[in-house]
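The values are calculated or read from the model by the stated rules, or taken from the named source; none is laboratory data. As the structure is a computational prediction, the values presented were derived from the model and not from experiment. So basically every Cβ, Gly included, is an ideal-geometry build from the backbone, and we count neighbours across all protein chains shown. Quick note on the areas: whole protein, heavy atoms, side chains included, nothing else; ligands and nucleic acids left out. Shrake-Rupley method; radii C 1.70, N 1.55, O 1.52, S 1.80 Å.
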Amino acid sequence: MITPRRLFLAAPGLLLLPRAAHATAEAMAEAVRGFTGGAPVTRGRVTLDISPLVENGNTVPLSVVVDSPMTAADHVRAIAVFNERNPQPHVITAQLGPRAGRAMLATHMRLATSQRLLAVASLSDGSFWSDEAQVVVTLAACIEG
Amino acid sequence: MARVLINVPRTAARGEVITIRTLIQHLMETGYRPDANGVVAPRDIIRRFTCRYDGEVVFQAELSPAIAANPFLSFTTVATRSGVVEMSWEGDNGFAQTETRDLTVT
């Protein structure tokens, strides 16, 4: 028989229930599929530059550069960055075109924990290219309190 | 009005690739962070950034809560002709701000 007192005693256990508070490898793959529309992604042409050892996950500089002539016939249409273990797998999606001159994007992101990052570029010929980086974080961003 | 730091060159040669750097003051509340009372603060982030130059969108970005507070963005564009570079930010709770910088192309 469950008495209110028993419920009360069980309460601390409820706090230990796993929270669906971070993305997973599957969630990241799903987010990448949302960006590519299921098209195959080839490793290469993209350079994701981020420090491999991060002291403070609250502000982590990263940059993405894609090897592309950026002409009207051959340019990068979009660059997206995904993560594996933040609460949401998506970081940023940038739309660019031949007017950009260079396929380059830099920003500062949050990292909830040590994890793998993936940058994907969408090219005007319909192909997708990527680069990934493994990052170790010593002080996590206060995303989960 | 949020404070902004924008770095656009004042002058550029025609055809030159210029780098634009922007930073805007914003908390970028993730929507996952409990406050001092244990209540999760609702999400309040900048969702979209757009840069228009010479009558065309040259760069656009969609941001997630994974972007750090005071979002920084750096990108490039080709200097085509003298005109206004217009940068606008849109976000939750009706956040909207637009800044312009003049660019002289020689």
Could you check, for the stretch B:84-100, whether at least one of its residues is of a type in the set (S, T, Y), open to solvent by 70 Å² or more (accessible area, probe 1.4 Å) and out of contact with any Ser or Thr (no Cβ under 9 Å at 6 or more places or on another chain)?
-> yes
Where residues in the stretch B:54-70 are facing chain A (nearest Cβ under 7 Å) and under 16 Å from B:L27 (Cβ atoms), which of them is surrounded by the most Cβ atoms within 10 Å (Cβ to Cβ)?
-> B:A66
Considering only residues of the stretch A:95-110 that are under 22 Å from the mean Cα position of the chain (by Cα), at the interface with chain B (Cβ under 7 Å from one of its Cβ atoms) and crowded, with 21+ Cβ neighbours inside 10 Å, which is nearest to B:I6 (Cα to Cα)?
-> A:T107
Going by the structure shown, is B:T50 hydroxyl-bearing (S, T, Y) and within 14 Å of the chain's Cα centre (by Cα)?
-> yes
Within the stretch A:79-118, residues over 27 Å from B:A79 (Cα atoms) and basic (K, R) come out as A:R85, A:R110, A:R116
Would you mind stating whether B:T76 is in contact with a Gly (Cβ under 9 Å, 6 or more places away or on another chain), under 21 Å from A:T93 (Cβ atoms) and either polar (S, T, N, Q) or more than 7 Å from chain A (Cβ to nearest Cβ) (or both)?
-> yes
A:V91 away from chain B (no Cβ under 11 Å), part of a strand (DSSP E or B) and open to solvent by less than 50 Å² (accessible area, probe 1.4 Å) = no
If we keep just the residues of the stretch A:37-87 that are over 13 Å from A:L105 (Cβ atoms) and basic (K, R), which is least open to solvent (accessible area, probe 1.4 Å)?
-> A:R45
Are any of the residues in the stretch A:114-133 within 12 Å of chain B (Cβ to nearest Cβ) and in contact (Cβ under 8 Å) with a residue 24 or more places away in the chain?
-> yes
Examine the stretch B:37-53 for a residue that is more than 9 Å from chain A (Cβ to nearest Cβ), more than 30 Å from A:M70 (Cα to Cα) and in contact (Cβ under 8 Å) with a residue 60 or more places away in the chain, and state whether such a residue exists.
-> no
